[in-house]
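Input: a single structure, listed below in structure tokens.
All of the numbers you see were taken from the coordinates with simple rules; none came from a lab. Note that this is a predicted model, so its numbers are computed, not measured. Quick reminder, even Gly has a Cβ in these numbers, built from the backbone with ideal geometry, and neighbours come from all protein chains shown.
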Amino acid sequence: MADITDDELLAMYSDGDAEAFDTLFDRYRAPVYNFAHLMLGRADGAEDMLQETFMAVARTAERYQPHGHFRSWLMRIVRNRCLNELEARRVRRRMAARSGLDLAEPPADGPSPPERLERSEQMARLRDLIAALPERQREAIVLYAFEQMSYREIGDVLGVPVNTVKTLIHRARATLALDFG
Amino acid sequence: MDCGVTREELACLSAGDLTPERARAVRTHVATCGACRSQLEAIERLDAALALLPHAEPPSSALLNVRRAVSQELRGSGAPEVMTLDEAAAFLRISLDDLEELILELPAFELAGQLRIRRSRLIEWVTARERAYSLASAQSEVAHILAES
């Protein structure tokens, strides 16, 4: 199915071809998961986002209008879900702080043992620095650096003009460079 | 930096996003300013590190979990794809009267003079409502706690 476009795969799934859905999942599971992981800072949240995103794809397959921008559409879905989750976490944190309850967020995932072997401390530190960026800069730099999306595609995902995308990305790079050293 | 070139401009320069005139001016400046040169080198090191940063990989069970969830939600409910109001009420486990009170909010459509609801749209509506409720109840709890403190 390598030469079939994303739009065609979704149409095939809508017509009952379950394998087409698996192919789409295989193409995009890593970018969706990675984006959610960096936005939320935790693997369990990222798995939920991955599942919710592809369930949304399955739900809307019948009504999807092919436009050749499946990837942007998909990343918009995961982005919106991550923003909802971050907002819910903020509310929970405010509640916990006000009520004096000890409901602190679980810490962000450290690298698993095999990852520790394969990733240098520098890489782990860079991940932490990305996770500490303001939300909008974080999502822009992740789409730019990991997904190699064009400024226009990132603008489509974030719903902002290209110039704003450039500002977010370069501000993030300047901040990261300063802290990364 | 107080030399007229911002860190953001240096980031733009290394990405090729400055106008040719400004790029020339910034390059000329960088050639004589140690602080800016060092910043530019830091940005280049960062870009190299970003290119090497590995993707986080989802667990191998992820596809199975998604397939199971999709199958349960879209196919396993037993409800037809296009539902009557009675079927939608049964699907939501509320009375028909209660459902009719929500009719303006529901994603219903008219077909041959009767209202029908597509199951997938109804599930989306439920999900949106669930999220709104969850957020509103959390906010209301915050307001309650604030009022008490």
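Search the structure for amide H atoms under 5 Å from the amide H of B:Met83, placed 1.01 Å from N in the peptide plane, and list their residues when 5 or more places away or on another chain.
B:Ile117, B:Arg118, B:Arg119
Place a point 7 Å from the Cα of A:Arg94 along the Cα-to-Cβ direction; which residues of segment B:109-149 have their backbone N under 16 Å from it?
It comes to B:132-149, nothing else.
Give the angle, between 0 and 90 degrees and rounded to the nearest 10, that separates the Cα long axis of helix A:162-180 from the longest principal axis of the Cα atoms of chain A.
The helix A:162-180 is inclined about 40 degrees to chain A.
What dipole magnitude, in Debye to the nearest 20, does segment B:54-143 give about its Cα centre under +1 on Lys/Arg Cβ and -1 on Asp/Glu Cβ?
The dipole magnitude comes to about 480 debye.
Can you give the average number of partner chain beta-carbon atoms within 10 Å of each beta-carbon in peptide A:163-176, as a whole number?
On the way: counts 1, 0, 0, 5, 3, 0, 5, 13, 5, 3, 12, 12, 4, 7.
Mean shielding count: 5.
Arrange the following residues from fewest to most other Cβ atoms within 10 Å of their Cβ: A:Glu19, A:Glu47.
The order, fewest Cβ neighbours first, is A:Glu19, A:Glu47.
Of B:Ser14, B:Ala48, B:Ala25, which is farthest along the charge dipole of segment B:7-52 in the positive direction, counting Lys and Arg as +1 and Asp and Glu as -1 at C-beta?
Going by the charge dipole, the pick is B:Ala25.
Provide the gained length on full extension for the span A:Arg152 to A:Leu86, in nm with one decimal, where the gain is 0.36 nm per separating residue minus the Cα-Cα distance.
21.3 nm
Which is the longest run of chain B containing none of the GluC sites (Glu not before Pro) found in DSSP loop states (not H, G, I, E, B) with at most 13 other C-beta atoms within 10 Å?
It runs B:1-80.
Quote the charge dipole size of the protein assembly as shown about the Cα centre in Debye, to the nearest 20; the model charges only the Cβ of Lys and Arg (+1) and of Asp and Glu (-1).
Result for the protein assembly as shown is approximately 1100 debye, rounded to the nearest 20.
Rounded, prolate or oblate: which one fits segment A:1-107, using the alpha carbon gyration tensor with axes a ≥ b ≥ c (rounded when a/c is under 1.5, else prolate when a/b beats b/c, else oblate)?
Taking the square roots of the gyration eigenvalues as a ≥ b ≥ c, segment A:1-107 is prolate.
Taking Cα atoms, how many degrees apart are the long axis of helix A:70-99 and the longest axis of chain A, rounded to 10 and kept between 0 and 90?
30
What distance in nm lies between label points placed 7 Å from Cα along the C-beta direction at A:Ala18 and A:Asp48?
Spacing of the two 7 Å Cα→Cβ label points: 2.7 nm.
If you line up the long axis of helix A:121-131 against the longest principal axis of chain A, both from Cα atoms, how many degrees apart are they, to the nearest 10?
Approximately 80 degrees, to the nearest ten.
Taking the Cα centre of segment A:1-107 as the origin, how large is its charge dipole in debye, to the nearest 20, when only Lys and Arg (+1) and Asp and Glu (-1) carry charge on their Cβ atoms?
Its charge dipole is roughly 980 debye.
Which of B:Leu96, B:Ser140, B:Leu106 sits farthest toward the positive end of the charge dipole of segment B:75-148, with +1 on the Cβ of Lys and Arg and -1 on the Cβ of Asp and Glu?
Value: B:Leu106.
With the Cα gyration tensor of chain B in hand, give its eigenvalues times 5 under a square root as the equivalent ellipsoid semi-axes, listed largest first in whole angstrom.
Details: eigenvalues 653, 105, 70 Å².
They are 57, 23, 19 Å, listed largest first.
What is the fewest-to-most order of A:Glu121, A:Glu52 by other Cβ atoms lying within 10 Å of their Cβ?
Ascending Cβ contact count within 10 Å gives the list A:Glu121, A:Glu52.
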